[in-house]
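This report concerns only the one structure given below.
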Amino acid sequence: MMDIVLYIHILAATVWIGGSVFLFALGVFLRDKEAQKRVYFYVGPIYGYVESVWLTVLIITGLWMFYDFGLDKVFFNEKIEDLASVLQYKLIFVALITVATVVHMYIAFKTNGKDRTNLQKILSRASSMAIFLLNLVILWYAIQLRNFL
Ligand code: HEM
């Protein structure tokens with residue numbers, strides 16, 4: 001059973017990270033402002049819904065493994081300091097990426113197809129950069145975690 005949960009977790013990670021890398025690349029390489037506006041207008045909302053489903057799947061399957069593997073019992077255990085801190089880091093970064101996603105989606109849905117204020121632009125870009133970078137860090141901690149299990 002837990003093999004299936006891990007499978008779904010890794011599948012969700014590939015979709016979630018793959019999507020964020022792709023949209024990030026689109027922002028960087030699609031320089032034509034009009035084309036960019038049109039692409040984001042149509043693709044943005046679909047992408048937003050799809051990605052939030054997969055992030056939820058990641059969190060649910062992650063927590064499922066967390067409790068099933070008894071990791072809740074080692075989370076604050078100083079004797080298994082390395083495992084505990086890898087878990088703590090991963091969860092802190094997951095919390096941060098969730099916040100960045102909520103900020104990003106809030107602005108995206110509120111302003112889709114409209115002009116943005118400077119603050120909205122900055123927050124939107126900063127949160128998408130944060131999501132992109134945090135994913136790379138989370139992936140690293142996910143692998144470190146594997147080394148202990
Ligand atoms: C953005 C969110 C997340 C991403 C991208 C992510 C990514 C991954 C990846 C790629 C693996 C496989 C690592 C490997 O097998 O080498 C993994 C494993 C794991 N994740 Fe996550 N994860 C996320 C959120 C969570 C959350 C919220 C938890 C729960 C508290 C969690 C708990 C676990 C556990 C326990 C494993 C180890 C399973 C095993 O190796 O047997 N993950 N994660």
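Throughout, read-outs are computed from the coordinates displayed, never taken from laboratory work. The structure presented is a predicted model; accordingly, all values stated were derived computationally and were not measured. Glycine gets a Cβ as well: all are built from the backbone with ideal geometry, and neighbour counts include every protein chain shown.
With each run of n ≥ 4 DSSP H residues scored as -39500 (n - 2.57), what mean residue ellipticity at 222 nm is computed for the chain after dividing by its residue count and rounding to the nearest 500 deg cm²/dmol?
Numbers: 4 runs with 126 residues, N = 149.
The helix contribution divided over the chain gives -30500 deg cm²/dmol.
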- Query: Just how many pairs of Lys in the range 2-148 have C-alpha atoms closer than 14 Å, counting pairs that are eight or more places apart or on different chains?
  - Reply: 4
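Kindly state, to the nearest 0.05, the FRET efficiency for Ile10 paired with Asn77, given R0 = 25 Å and r defined as their beta-carbon distance.
On the way: r = 26 Å, r/R0 = 1.04.
Once the sixth-power term is evaluated, E becomes 0.45.
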- Note on the structure: Percent relative contact order for the range 2-148, counting Cα pairs under 8 Å at least six residues apart, stands at 30
- Task: State the answer as a single residue: which of Leu149, Ile107, His9 lies farthest towards the positive end of the charge dipole of the chain, with beta carbon charges of +1 for Lys and Arg and -1 for Asp and Glu, about the Cα centre.
- Result: Ile107
- Query: Could you give me the ³J(HN,Hα) list for the range 133-139, computed from phi with Karplus coefficients 6.51, -1.76, 1.60 and θ = phi - 60°, whole Hz, x at Gly and Pro?
  - Reply: 5, 4, 4, 5, 5, 4, 4
